[in-house]
There are 2 protein chains.
Amino acid sequence: MDNTPQPSASYHHGDLYNALIEAGITLLQEEGVSALTLRKVAGRAKVSHAAPYRHFADKHALLAAIAQQGFQTLTATMQDAVNKHGGSPRQQLLAIGEHYVQFGITHPAHLNLMFGEVLQQENDTLHEVARASFNVLLNAVTHAQQAGILKAGNSRQMAVSMWSMVHGLTVLKGLRLAEQGDSELKEYVGGMLEQLLEGLATSN
Amino acid sequence: MDNTPQPSASYHHGDLYNALIEAGITLLQEEGVSALTLRKVAGRAKVSHAAPYRHFADKHALLAAIAQQGFQTLTATMQDAVNKHGGSPRQQLLAIGEHYVQFGITHPAHLNLMFGEVLQQENDTLHEVARASFNVLLNAVTHAQQAGILKAGNSRQMAVSMWSMVHGLTVLKGLRLAEQGDSELKEYVGGMLEQLLEGLATSN
DNA sequence: GATGTAAAGTTTACATTGTAAACATTGTAC
DNA sequence: GTACAATGTTTACAATGTAAACTTTACATC
């Protein structure tokens, strides 16, 4: 039943690779990037400070893996949003936006890492999973076009517009340029996207 | 004529505070954040490794000052864009977007720092200069509304939408989701903003 | 079952970095 | 000209990333 590797007494951890990533995410969440040191991560996983080197070439490799995990979580979250609104392409687009912002606001340091230095680097695997997140939105846009809710035309560019807007808003939240409670978040995101959707709607 | 402080032989630098910030920006530009160490910054300014502590409480304070300088540069750049298109509010908005993206693409590490960890921290001065950047855009939006080019209504929210979109696009460039040459950048930004402006236009 | 080997973890060691403390030099006010 | 404040330097140390050598365990093969 339970396929998760057992603690197996000691020494061999069993699944240190993932344990380190999880420990890293927790640290990121609780204390920010500056607290994300290899030694603390190792400590949380209850291994010696050099153990991570059996699974990651260097700190940068761990950061990349943490970013990758973030994109996978984001993809799943967005896909959930799509699945919950199967009937309405418009609702799907709005829900994707809401969930994206929600993720970014609840995991600011993680999101920052995902789009920060590691992404600038050459890393095909990371670009791949990031692209997978984007594709969830792109598919929803295509779907909306087929349903006649959005203009035909460059779906990729439309998706980039929406993603940009939502991602930008998430970052701006940190700036508190848009100061309102989280209870109104859904309405705020909705309002912004509506503005954009009006410009992209078929009725024009 | 020349009011810049002289090197004054040695020992006292004359303007170490700004020299450190400039050195930091250069390092950021040439080698990325991970290379931005206090000791390297000090070295570039040709002072001993502990000299920065006479001007900055700690590394974080220097990073905040570098971020602040970035916002000031950004504000000036955007204001330039506005001034060049005094006659046309619409052109002003498009020009602001282009210049923003241009800044972000040519200084990715700097932009990342500006919106990264330092901004999450409590720092009123930094929030102030960030807000000043935003206000350039906000003023342009208000202006466009008065000229009858944009809907009346919540100008702050409109500005947030535009800023979000442009900022998001800048970040996405790193992802190469929108893969096109820089020569077409202007057109791309223009196209995206046009989509949004359509939704915000008075004609609706 | 004994054994050899690869995988995974530990220990030791060291260079780099941030930062504190004590000391040195210079500009400036009286 | 002298005292003091501002600004640099030197020395010292703890935390961190990383390499190297060593240890323990799992597993395949006989």
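Values in this text are rule-based calculations from the coordinates and carry no lab data. Computed from a prediction, not measured in an experiment: that's the story for all the values here. FYI the Cβ positions are ideal-geometry reconstructions off the backbone, even for glycines, and counts take in every protein chain you see.
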- Note on the structure: Projected onto the charge dipole of the protein assembly as shown (unit charges on the beta-carbon of Lys, Arg, Asp and Glu, signs +1, +1, -1, -1), the Cα from B:HIS143, B:MET158, B:GLY14 with the largest positive-side position is that of B:GLY14
- Quick one: Karplus J couplings for region A:70-80, per residue in order, coefficients 6.51, -1.76, 1.60, θ = phi - 60°, nearest Hz, x for Gly and Pro? x, 5, 5, 4, 4, 4, 4, 4, 5, 5, 4
- Item | Selection from A:SER48, A:GLN79, A:THR202 lying farthest towards where the dipole of chain A points positive, charges on Cβ | A:SER48
- Task: Putting +1 on Lys and Arg Cβ atoms and -1 on Asp and Glu Cβ atoms, find which of A:VAL189, A:ALA57, B:GLN121 reaches farthest to the positive end of the dipole of the protein assembly as shown.
- Result: A:ALA57
- Residue-ordered couplings for region B:52-65, obtained by feeding phi - 60° into the Karplus form 6.51 cos²θ - 1.76 cosθ + 1.60 and rounding to whole Hz (Gly and Pro as x), are x, 5, 7, 10, 9, 4, 7, 4, 4, 5, 5, 4, 4, 5
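Mind checking A:193-199 for the average number of partner chain beta-carbons within 10 Å of each residue's beta-carbon? Could the numbers behind the result be given before it?
On the way: counts 2, 1, 12, 9, 2, 7, 11.
The per-residue average across the peptide is 6.
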- Note on the structure: Between the Cα axis of helix A:16-31 and the main Cα principal axis of chain A, the angle (0 to 90°, nearest 10) is 60
- Comparing A:LEU150, A:LEU172, A:LEU38, which has the greatest mean-square fluctuation in the GNM of chain A with Cα pairs linked when under 10 Å apart? A:LEU172
- Mean Cβ count within 10 Å, highest first, over the residues of peptides B:20-27, B:81-88: B:20-27, B:81-88
- Taking Rh as the Kirkwood radius computed over C-alpha pairs, what is the Stokes-Einstein D of the protein assembly as shown at 4 °C in a medium of viscosity 1.567 mPa s, expressed in µm² per second? 56
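Across peptide A:155-165, how many C-beta atoms of other chains are within 10 Å of each residue C-beta, on average? Write down the numbers at each step before the final one.
Numbers: counts 0, 3, 6, 2, 2, 11, 9, 3, 8, 14, 12.
Mean partner shielding for this stretch: 6.
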- Message: With +1 on the Cβ of every Lys and Arg and -1 on the Cβ of every Asp and Glu, and nothing else charged, how large is the dipole of region B:1-115 about its Cα centre, in debye rounded to the nearest 20?
- Response: 180
- Message: Let's see if you can work this out: charge +1 on each Lys and Arg Cβ, -1 on each Asp and Glu Cβ, no other charges. What is the dipole magnitude of the protein assembly as shown about its Cα centre, in debye to the nearest 20?
- Response: 260
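Under the rule of -39500 (n - 2.57) per DSSP H run of 4 or more residues, summed and divided by the residues of the protein assembly as shown, what mean residue ellipticity at 222 nm is obtained, to the nearest 500 deg cm²/dmol?
Numbers: 18 runs with 276 residues, N = 408.
After summing the helix terms and dividing by residue count, I get -22000 deg cm²/dmol.
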- Task: Run the dipole for region A:55-156 about the Cα centre, Lys and Arg Cβ at +1, Asp and Glu Cβ at -1, nothing else charged, and hand back the magnitude in debye, nearest 20.
- Result: 460
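In peptide A:104-117, how many Cβ atoms from other protein chains are near each Cβ within 10 Å, on average?
Values: counts 0, 0, 0, 0, 4, 3, 0, 0, 6, 2, 0, 8, 10, 9.
Mean number of neighbouring Cβ atoms from other chains: 3.
Give me the Kirkwood hydrodynamic radius of chain B in Å, from all C-alpha pairs, to one decimal place? Don't jump to the answer; show the numbers that get you there.
Values: mean 1/r = 0.0536 Å⁻¹.
Taking every pair of different Cα atoms in chain B, averaging 1/r and inverting gives 18.7 Å.
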- Task: Straight distance only, please: which lysines reach the Cα of A:LYS46 with their own Cα at less than 21 Å, same-chain residues fewer than 8 apart left out?
- Result: A:LYS59
